[in-house]
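The values are calculated or read from the model by the stated rules, or taken from the named source; none is laboratory data. Keep in mind it's a predicted model, so treat the numbers as computed, not measured. Because the Cβ atoms are built from the backbone with ideal geometry, glycine has one as well, and the counts that use them run over all protein chains shown. Keep in mind that these areas ignore ligands, DNA and RNA; they rest on the heavy atoms of the full protein, side chains included. Shrake-Rupley method; radii C 1.70, N 1.55, O 1.52, S 1.80 Å.
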Amino acid sequence: MKKLEKPEDICTHTGDEYEKFMGAVVPPIFQNSLFVQEKGKPYGSNPFIYTRLSNPTIEVAEQKIAALEKGEACRCFSSGMAATTSGIMHYLQKDTHVIAVKNVYGPTRTFLEEYMTKWGISVTFVVGNTIEEFEKAIQSNTKLIYLESPSTFIFSVQDLEGVSALAKANHISTMIDNTCATPLYQNPLSFGVDMVMHTASKYFGGHSDIVAGALIGNQADMDKIMLEERSLFGGNMDPHQAWLLTRGLRTLPIRLKQHEQSALKIAKFLENHPKIRQVLYPGLSSHPQQDLIKKQMTGFCGLLSILPKGTDQEISNFIDKLSLFQTGCSWGGFESLVIPITCGMEKEVADHLNLPLGLVRLHVGLENVDSLIADLDQALEEIP
Ligand SMILES: *Cc1c(COP(=O)(O)O)cnc(C)c1O
């Protein structure tokens, strides 16, 4: 089949190999640990050896994700964190230095700030709004700049082209958590970023039924990661997980469109609501980094944050009063969710994470948007 380029075509058909799978319109789950070799042929003549290395079901998902990100290759992992930590370990040696953004996903921050110190790794966190901040943070042993744009609590963005150019000039690699934008709305490799990470637990899967992750980059990096970090740490994807992931990817474009449309309507409703101080959403013209957003992104997902008026207790009552928005972490599934991010947090801790106090995050799911608005409206009555 010729190489597909439109996201909708990639999601529906990339990886279709009807001859290989006996005409099955849905590739079967190769739920096997090993692959036998043909007698009389050299060992390894069958490209599939053992599922920790590769497996045809996992490869279908990898082909789709690589094509969506316009990358040479993709490797899938058992979780987003397995992908993140494998990618980071790929780039670092002992006693090296990383620059990361303050608003990076919490466990990624813990990994860099606390866990990796035992290998002599040091990290400098920057807000990341200007190139100068990154430039100032560079040390002689800096090996990696780790980005997350947009971040998933306040949707701060970084200049992908500018940071990549700065990194290249200083022989530093760049990696980005692109989960929030999804490859449909932002392709960091085309701005010069070296490696993209996605958790597939969010929109890729889309049904809150898998925990999974992926890395996308050039063929050499991906081959090395397959044989080293993925194979040696063993954070490979399970074939059944890959099958569910491929199933989710087929409807990604149509789901995202609905998430975006509903989130924008809700963001505008909340922006005009008397009980709300501020709405943070990259699709609103009030987002302070509009120029960069317009340059790098072509759409937005269903995540937004709000700063309601009122005390922590009143905000907590508002959250409890919501009925369609369940209280829960994670996001990207069919269901609407709400989570208090910095309510009850010490100001010092919130500052360290570059987050405002009283922040609440919403994930806008696939329910009827007017039902969601009515739910928010009645719950906001809890705030006097
Ligand atoms: C959930 C999440 C991760 C971690 O992914 P897991 O699949 O849960 O390991 C990483 N980055 C972002 C932005 C996330 O939201």
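Taking the options GLY310, GLY333, name whichever one is farther than 24 Å from ASP159 by Cβ, open to solvent by less than 10 Å² (accessible area, probe 1.4 Å) and in a loop (DSSP other than H, G, I, E, B). Don't jump to the end; show me each part of the working.
On the way: GLY310 fails: open to solvent by less than 10 Å² (accessible area, probe 1.4 Å).
That would be GLY333, the only listed residue that is farther than 24 Å from ASP159 by Cβ, open to solvent by less than 10 Å² (accessible area, probe 1.4 Å) and in a loop (DSSP other than H, G, I, E, B).
In the range 317-330, which residue that is of a type in the set (S, T, N, Q) and away from the ligand (no atom under 16 Å from the Cβ) is surrounded by the most Cβ atoms within 10 Å (Cβ to Cβ)?
If we take residues in the range 317-330 being of a type in the set (S, T, N, Q) and away from the ligand (no atom under 16 Å from the Cβ), then ASN317 is surrounded by the most Cβ atoms within 10 Å (Cβ to Cβ).
Test of understanding: among ASN218, ASN178, which residue is more than 13 Å from CYS76 (Cα to Cα), away from the ligand (no atom under 12 Å from the Cβ) and touching a helix residue (DSSP H, G or I) at 6+ places or on another chain (Cβ under 9 Å)?
ASN218
Check the range 246-254 and report whether any residue there is among the polar types (S, T, N, Q) and either farther than 29 Å from LEU284 by Cα or assigned to a helix (DSSP H, G or I) (or both).
Scanning the range 246-254 turns up at least one residue that is among the polar types (S, T, N, Q) and either farther than 29 Å from LEU284 by Cα or assigned to a helix (DSSP H, G or I) (or both).
Taking MET116 and the conditions (1) more than 16 Å from the ligand (Cβ to nearest atom); (2) touching a residue at least 40 places away in the same chain (Cβ under 8 Å); (3) farther than 23 Å from ASP291 by Cβ; (4) open to solvent by less than 40 Å² (accessible area, probe 1.4 Å), which numbered condition does it fall short on, given that it satisfies the others?
MET116 satisfies every listed condition except (2).
Can you tell me how many residues within the range 6-36 are in a loop (DSSP other than H, G, I, E, B), touching a residue at least 40 places away in the same chain (Cβ under 8 Å) and more than 16 Å from GLU59 (Cα to Cα)?
Result for the range 6-36: 0.
In the range 138-170, how many are open to solvent by less than 10 Å² (accessible area, probe 1.4 Å) and over 23 Å from the mean Cα position of the chain (by Cα)?
Residues flagged as open to solvent by less than 10 Å² (accessible area, probe 1.4 Å) and over 23 Å from the mean Cα position of the chain (by Cα) within the range 138-170 amount to 1.
State all residues of the range 164-180 that are in contact with a strand residue (DSSP E or B) (Cβ under 6 Å, 6 or more places away or on another chain) and of a type outside the set (D, E, K, R); if no residue qualifies, say none.
SER164, ALA167, ILE172, SER173, THR174, MET175, ILE176, ASN178, THR179
Can you name the residue in the range 233-272 that is touching a strand residue (DSSP E or B) at 6+ places or on another chain (Cβ under 8 Å) and open to solvent by less than 20 Å² (accessible area, probe 1.4 Å) and, of all such residues, is nearest to ILE315 (Cα to Cα)?
Filtering the range 233-272 for residues that are touching a strand residue (DSSP E or B) at 6+ places or on another chain (Cβ under 8 Å) and open to solvent by less than 20 Å² (accessible area, probe 1.4 Å), the one nearest to ILE315 (Cα to Cα) comes out as LEU270.
Select, from LYS94, LYS3, LYS70, the only residue that is open to solvent by 80 Å² or more (accessible area, probe 1.4 Å) and on the phi > 0 side of the Ramachandran plot.
Answer to the check: LYS70.
Does the range 321-328 contain any residue that is in a strand (DSSP E or B), in contact with a Leu (Cβ under 6 Å, 6 or more places away or on another chain) and within 30 Å of THR130 (Cα to Cα)? Lay out the reasoning, then the answer.
Of the range 321-328, the ones in a strand (DSSP E or B) are 326-327.
Next cut, in contact with a Leu (Cβ under 6 Å, 6 or more places away or on another chain) only: 326.
If we keep only those that are within 30 Å of THR130 (Cα to Cα) as well, we get none.
No, because not a single residue in the range 321-328 is in a strand (DSSP E or B), in contact with a Leu (Cβ under 6 Å, 6 or more places away or on another chain) and within 30 Å of THR130 (Cα to Cα).
Residues are listed down the side, and each one gets a yes or a no for (1) more than 16 Å from the ligand (Cβ to nearest atom); (2) open to solvent by less than 20 Å² (accessible area, probe 1.4 Å):
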{"site": "THR182", "(1), (2)": "no, yes"}
{"site": "PHE204", "(1), (2)": "no, yes"}
{"site": "SER208", "(1), (2)": "no, no"}
{"site": "ALA214", "(1), (2)": "no, yes"}
{"site": "SER231", "(1), (2)": "yes, yes"}
{"site": "PRO274", "(1), (2)": "yes, no"}
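If I ask for residues that are touching a Cys at 6+ places or on another chain (Cβ under 7 Å) and outside any helix (DSSP H, G or I), which ones from the range 158-183 would you list? Step through it out loud before you land on a result.
Here is the first cut: in the range 158-183, the ones touching a Cys at 6+ places or on another chain (Cβ under 7 Å) are 180, 182.
Selection gives CYS180 alone.
Condition check: of a type in the set (Val, Ile, Thr), over 19 Å from the mean Cα position of the chain (by Cα) and over 25 Å from GLU228 (Cβ atoms). Does THR130 satisfy that?
The answer is yes for THR130.
Name the residue, out of ILE276, ILE210, ILE315, that is of a type outside the set (Ser, Thr, Tyr) and within 21 Å of the chain's Cα centre (by Cα).
None of the others qualify; the one that does is ILE210.
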